[in-house]
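See structure below.
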Amino acid sequence: MEHVGKFLLFMVSCVLTNNFIFAKFYGICPFLGVSSKVETAMGMGLAVTFVMGLASLFTWAVYQLLAAAGLEYLNTISFILIIAGLVQFVEMFIKKSSPSLYKSLGIYLPLITTNCAVLGVTLVNVQESYGVVYSVFNGIFSALGFMLAIVLMAGVRERLESSKIPECLKGFPISLITAGLMSIAFLGFSGMV
C-alpha cells in the first residue's frame, strides 16, 4: 500500500508540482504557438505524450548501455537522435491518419524534436537515477502535465478572443500575462508535494 501512495505522489508531482511548462518553463515555444485552439493543443499534447513516454523508455535503455561502456558523455547526443527518430514516426503517423491535425500543428510538430521538455525529461530520468518503470512514468506523467497546461491555455485563449481587451494587450501580450497567472496558480500545488 505504501508503494501505491508513493506512486500517486510521484504522479501528482509530475503533473502539477513539477509541471514542465509552469514550474520548469520547458517547452514554452509550442505552448505559446499551438495553444490557440483546444483541438490543436490536445493533438500536440497527445503527440508529446507519446514521444516523451517512448523517449523515456528508449533513452533509459541506451543510457544503460552507454554507462556500461563508460560513454556517459554521449547521452545527450544519443538522446537527441532517439527523440528525432520518434518524432519522425509521430509526424508520419499524424500526416497519414489526420491530415487536418497535421496541417494545424504546422511547424510545431517537427519541432518536438527540439522541444526542451522532451529532452529535459530524459535528462531528469538520468539525473534522478530512475529505474525503467519510473523513467517511463515520469515521461508519461510529465507529458500529461504538459498537455494539461497547453489545453488549459488554449481554452483561456479561445475565451479571450471574444473578451474586451485593451488594444495594446491583444494577442501575444495577453497570452504572456495569462501564462504568468497560470504559473502562479500552479505554484500553489507546490505545498502538496
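The values are calculated or read from the model by the stated rules, or taken from the named source; none is laboratory data. Note that this is a predicted model, so its numbers are computed, not measured. Note: ideal-geometry Cβ built from the backbone for every residue, glycine included; neighbour counts use all protein chains shown. Ligands, DNA and RNA are stripped out before the accessible areas are found, and what is left, the full protein with its side chains, is counted by its heavy atoms. Shrake-Rupley method; radii C 1.70, N 1.55, O 1.52, S 1.80 Å.
Taking only protein heavy atoms and a 1.4 Å probe, the accessible area of the range 11-74 is 73% carbon and sulfur. When the helices of the chain are scored as -39500 (n - 2.57) per DSSP H run of n ≥ 4 and the total is divided over every residue, the value at 222 nm lands at -23500 deg cm²/dmol. Over the chain, what is the relative contact order in percent, taking alpha-carbon pairs closer than 8 angstrom and at least six residues apart? Averaging sequence separation for qualifying contacts and normalising by length gives 42 percent for the chain. A cut-off of 5 Å between modelled amide H atoms, ignoring neighbours fewer than 5 places along the same chain, links Gly27 with Cys116, Ala117. Label sites at Cys116 and Cys29, each approximated as a point 7 angstrom past Cα along Cα to Cβ, lie 1.1 nm apart.
Put one equal scatterer on each alpha carbon of the range 28-77, apply the Debye formula with no solvent term, and list log10 I(q)/I(0) at q = 0.15, 0.16, 0.29 1/Å to two decimals. Treating every Cα as an identical point scatterer, log10 I(q)/I(0) equals -0.56, -0.60, -0.99. The residues Phe79, Phe172, Phe58, Phe10, sorted by heavy-atom accessible surface at 1.4 Å with ligands and nucleic acids left out, run Phe172, Phe58, Phe10, Phe79 from largest to smallest. Tell me the label-point distance for the pair Val133, His3, using the 7 Å Cα-to-Cβ offset, in nm and rounded to one decimal. It works out to 0.4 nm between the two label points. Considering only Ala61, Phe50, Leu9, and ranking their Cα positions along the charge dipole of the chain that arises from unit charges at the beta-carbon of Lys, Arg, Asp and Glu, the one farthest toward the positive end is Phe50. Note that the range 13-27 has calculated 3J(HN,Hα) couplings of 4, 5, 7, 9, 5, 9, 4, 4, 7, 8, 10, 9, 6, 9, x Hz, one per residue in order, obtained from phi through the Karplus relation 6.51 cos²θ - 1.76 cosθ + 1.60 (θ = phi - 60°); glycine and proline are x.
Suppose the chain between Leu74 and Glu161 were pulled fully straight at 0.36 nm per residue; how much longer would it get relative to their current alpha carbon spacing?
On the way: separation 87, 0.36 × 87 = 31.32 nm, distance 4.60 nm.
This chain segment gains 26.7 nm when fully extended.
Dipole size in debye (nearest 20) for the chain around its Cα centre, Lys and Arg Cβ +1, Asp and Glu Cβ -1? Don't jump to the answer; show the numbers that get you there.
Numbers: 10 positive and 8 negative charges, 88 e Å.
Using only the charged Cβ atoms, the result is roughly 420 debye.
Electrostatic tally near Leu152: other residues with Cβ closer than 15 Å to its Cβ, Lys and Arg +1, Asp and Glu -1, net +1. Could you give the distance between the Cα centres of the range 71-114 and the range 127-193, to the whole Å? So the separation of the two Cα centres works out to 21 Å.
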